[in-house]
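The values are calculated or read from the model by the stated rules, or taken from the named source; none is laboratory data. If you're wondering where the values come from, they're calculated on a predicted model, not measured in any experiment. Neighbour counts run over all protein chains shown; Cβ positions are idealised from the backbone, glycine included. SASA here: full protein model, heavy atoms, side chains in, ligands and nucleic acids out. Shrake-Rupley method; radii C 1.70, N 1.55, O 1.52, S 1.80 Å.
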Amino acid sequence: MAPRSIWNGTITFGLVNVPIKLYTATESKTVSFSQVHVSDGSKIEHRRFCPKENKQVDYTETVKGYEVSEGSYVVLEKDEVKAAAGNRGKVVHLEEFVDAADIDPVFYEKTYYAGSREAEDAYRLLHEALRKSGRAGIGRFTFHDREYLVAVRALDDVVPLHTLRFHDEVVEPDDLELDLGRAQPRPKEVEMAKQLVDSLEQDFDPEAWEDTYREAVLDLIKRKARGEEI
């Protein structure tokens, strides 16, 4: 079954409106483990528990709370959290366009694919304008009651939408105790290193790189399931 869209809305800039559907662009293949009671092999359950009343509570009895001091919480109702995200509705409003190459990859958080919804001509217009200019549209949109900073650019035949980290979420290298080396390499050493880099140059092919760790773990699981001695 083909993946379904997770959000319907409109990309807007100036007088242009592009109706879109958003699809998740990535899929985690990480091997997931469950916690198991070592003595009897039963799966461990994680339940909502109130230590003050010493009892388990239902999901309907829980609300969002932010700890303002030790043991003291400000409780926010669902409608209050939703209101904090603003009233942008189903709109991705692009406020400016920047050179896509100027966006450092450290700012990219999650990627979605935008597909055309009803207006294919407008979608192709947006894609070609971004592709030929080499620019990315920067704006905001609200998703799951949270506002996100986003970048919209052209990739092959599709328009991806990237959620971006805000500037204060990125740690500056100067704030860390990094040992960056102080000695300046000699020009001959730099040239030798450059020649080595040039000799290993390749076009990036994602399919050439497999998750060998995941394959090794799954192989280990299969062997133990067959009763093999590891």
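Checked against the criterion of being part of a loop (DSSP other than H, G, I, E, B), of a type in the set (K, R) and farther than 22 Å from D99 by Cα, the candidates R182, R214 yield just one match: R182. Would you please name the residue that is farthest from the chain's Cα centre (by Cα), looking only at residues in the range 132-142 that are over 11 Å from I11 (Cβ atoms) and touching a residue at least 12 places away in the same chain (Cβ under 8 Å)? By that ranking, first place goes to S133. From the residues in the range 158-185 that are β-branched (V, I, T) and under 30 Å from T12 (Cα atoms), which one is surrounded by the most Cβ atoms within 10 Å (Cβ to Cβ)? That would be V159. If you go through the range 31-55 and keep only what is open to solvent by 100 Å² or more (accessible area, probe 1.4 Å) and either in contact with a His (Cβ under 7 Å, 6 or more places away or on another chain) or not in a strand (DSSP E or B) (or both), you end up with S32, F33, Q35, V38, E45, H46, R47, R48, P51, K52, E53, N54. Among (1) within 22 Å of F143 (Cβ to Cβ); (2) touching a strand residue (DSSP E or B) at 6+ places or on another chain (Cβ under 9 Å); (3) modelled with pLDDT of 90 or more, there is one condition V106 misses while meeting the rest; what is its number? Failed condition: (2). Please indicate, with yes or no, whether at least one residue in the range 117-129 is free of Cβ contacts under 8 Å to residues at least 40 places away in the same chain and under 21 Å from the mean Cα position of the chain (by Cα). There is no residue in the range 117-129 that is free of Cβ contacts under 8 Å to residues at least 40 places away in the same chain and under 21 Å from the mean Cα position of the chain (by Cα). So is A129 within 30 Å of I11 (Cα to Cα), open to solvent by less than 60 Å² (accessible area, probe 1.4 Å) and either in contact with a helix residue (DSSP H, G or I) (Cβ under 6 Å, 6 or more places away or on another chain) or in a helix (DSSP H, G or I) (or both) or not? So A129 fits the description; yes. Looking at the structure I just gave you, is V74 of a type in the set (A, V, I, L, M), part of a helix (DSSP H, G or I), in contact with a strand residue (DSSP E or B) (Cβ under 7 Å, 6 or more places away or on another chain) and at pLDDT below 95? No; evaluated as a whole, the condition is false for this residue. Residue count for the range 92-126 under the criterion of being open to solvent by less than 60 Å² (accessible area, probe 1.4 Å), assigned to a strand (DSSP E or B) and either within 18 Å of Y23 (Cα to Cα) or touching a Pro at 6+ places or on another chain (Cβ under 7 Å) (or both): the result is 7.
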